[in-house]
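Derivation of every value follows stated rules applied to the coordinates shown; laboratory data play no part. Treat the numbers as computed from the prediction; the structure is a model and nothing was measured. We place every Cβ from the backbone using ideal geometry, glycine too, and count neighbours over all the protein chains shown.
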Amino acid sequence: MTAAPEFVAPELAVTGLTVRFAGLTALDDVDFTVTPGSMHALIGPNGAGKSTCFNVLSGVYRATSGSVRLGGTELTGLPPHRIAALGVARTFQNIALSPRLSTADNLMLGRHRLTRAGFVACGLRLPAARREERRHRARVAEIAEFVGVAEHLGHPVGLLPYGVQKRVELARALCLEPRVLLLDEPVAGMNAPERRAMAAVLRQVRASLGISILLVEHDMDMVARLADEVTVLDFGRRVATGTPASVQRDPRVVRAYLGTGKSAASTEEAAEQATEEEHA
């Protein structure tokens, strides 16, 4: 599958991001940058602020202060539909699909921002609207094939296995033709084969489409294998940023995320093992 025409992956820069809820600070002066075409992981223990950060980036929450910029465009304060129109797509930790609709119709929902035909033209099934729908359905079929869910296009999503539903949600996000993809725990709840299948798809997305990916994930093995750079949050603050191997060696990360029972040496060994397996 090829990227959308005139595709450019811009830099996503988060600067001084702070979010407070009724006196509770969920994010405190957080900085990180997702470089164009890279996969950047956002990790940390439960309650560290990862979901809050995603909700700000996608427009669900408003920042108390700070800046989120996509290339030269300020995203802070924009509503979700405006952010999506700028090319930011996301998936959710809990599957957010329409279970009674077919896979194809769920994926067509991701084409909404790209649809030019008006309500009347679509309702009356005018020739221009039908031609546009055929183009969108052809692209949906291409993306479904790329993600590995083409055989399920005619099936109601609610009847599909959990791991397949997670890939359908990824496919729907790709149907938006994003420049930046926000993935909220894409392998949560999956078994080992499903995790491997999803990891393979994510590698293909990065290699073939050049999309910048920001990933929230608790599976450290997957992070070590896939991410170019990692930012670690703890109690709403950034405690480390760097490559997976360097972050796993950081004592602050060992204390905050990996647990005091795991030594820096053992985490380094795990990172090296993951790197060796990746290149095997």
In nm, what is the difference between 0.36 nm times the number of residues separating His155 and Ser208 and their Cα-Cα distance? 16.4 nm
Can you tally the net charge around Leu97? Count Lys and Arg as +1, Asp and Glu as -1, for every other residue whose Cβ sits under 12 Å from the Cβ of Leu97. +2
Dipole of the stretch 1-101, positive end: most advanced residue of Phe92, Leu42, Thr18 [Cβ charges, Cα centre]: Phe92
Once you keep just the Cα pairs under 8 angstrom separated by 6 or more residues, what percentage relative contact order results for the stretch 133-179? 43 percent
If we sort 187-195, 30-38 on the protection proxy, mean other Cβ atoms within 10 Å, highest first, what's the order? 30-38, 187-195
According to a simple spin-label model (label point 7 Å from Cα along Cα-to-Cβ), what is the distance in nm between Asn94 and Arg62? 2.5 nm
